[in-house]
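A short worksheet on the structure shown next.
The values are calculated or read from the model by the stated rules, or taken from the named source; none is laboratory data. Owing to the predicted nature of the structure, the values given are computational and were not obtained by experimental measurement. We place every Cβ from the backbone using ideal geometry, glycine too, and count neighbours over all the protein chains shown. The area values use the complete protein model at the heavy-atom level, side chains included, leaving out ligands, DNA and RNA. Shrake-Rupley method; radii C 1.70, N 1.55, O 1.52, S 1.80 Å.
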Amino acid sequence: MKLPPRTSRTISASSSIAGAVIGGIGALANVLAMVIIGVVLLIGGIIFHIITYRCPHCGCFLDRSRGEYCPHCGEKLDS
Ligand SMILES: [Zn+2]
């Protein structure tokens, strides 16, 4: 799946944060279903990040890189 790095980062961060919040509220409220949904969103966000957060030019995983250029091939990361 090819997504612009910034879009991929936004989706995975949103999913992980939503998962942490829902899971946290579920844990405090003792609602198992919310905890499970939270954990699934959190892990899903991480997996989505690993799969889609890649350089559109060389395909290398960008890890935590937030720069404008790919640390592997040096090409500009468009939006
Ligand atoms: Zn690259």
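Mean separation of Cα pairs under 8 Å and 6 or more residues apart, divided by the residue count, gives the chain a relative contact order of 33 percent. Modelled spin-label separation between residue 29 and residue 61, with each label point placed 7 Å from Cα along the Cα-to-Cβ direction: 3.5 nm. Binning the alpha carbon pair distances of the chain at 5 angstrom intervals from zero yields the distribution 3, 18, 23, 17, 12, 10, 8, 5, 3, 1, expressed in whole percent. For the chain, a Gaussian network of Cα nodes joined below 10 Å ranks 39, 31, 21 by mean-square fluctuation, and the top entry is 31. Relative to the longest principal axis of the chain, what angle (0 to 90°, nearest 10) does the C-alpha long axis of helix 32-52 take? Helix 32-52 sits roughly 10 degrees off the main axis of the chain. Given a 1.4 Å probe and the protein chains all in place, what does the accessible area of residue 6 round to, in Å² to the nearest 10? About 140 Å², rounded to the nearest 10. Straightening the chain between residue 11 and residue 76 buys 21.3 nm, computed as 0.36 nm per residue apart minus the Cα-Cα spacing. Would you mind checking the tilt of helix 5-29 against the longest principal axis of the Cα atoms of the chain, expressed as 0 to 90 degrees and rounded to 10? Its long axis makes an angle of about 10 degrees.
Taking 41, 32, 62 as the candidate residues, the one with maximal mean-square fluctuation in a Gaussian network model of the chain, Cα springs under 10 Å, is 32. Computed with a 1.4 Å probe on the full set of protein chains, the accessible area for residue 72 sits at about 110 Å². When the surface is traced with a 1.4 Å probe over the full set of protein chains, residue 76 keeps roughly 90 Å² accessible. Accessible surface of the chain, 1.4 Å probe: 68 percent of it comes from carbon and sulfur atoms.
Distance between the pseudo-spin-label points of residue 36 and residue 18 (7 Å out from Cα toward the beta carbon): 1.9 nm. Taking 58, 70 and ordering them by how much accessible surface each has at a 1.4 Å probe, largest first, produces 58, 70.
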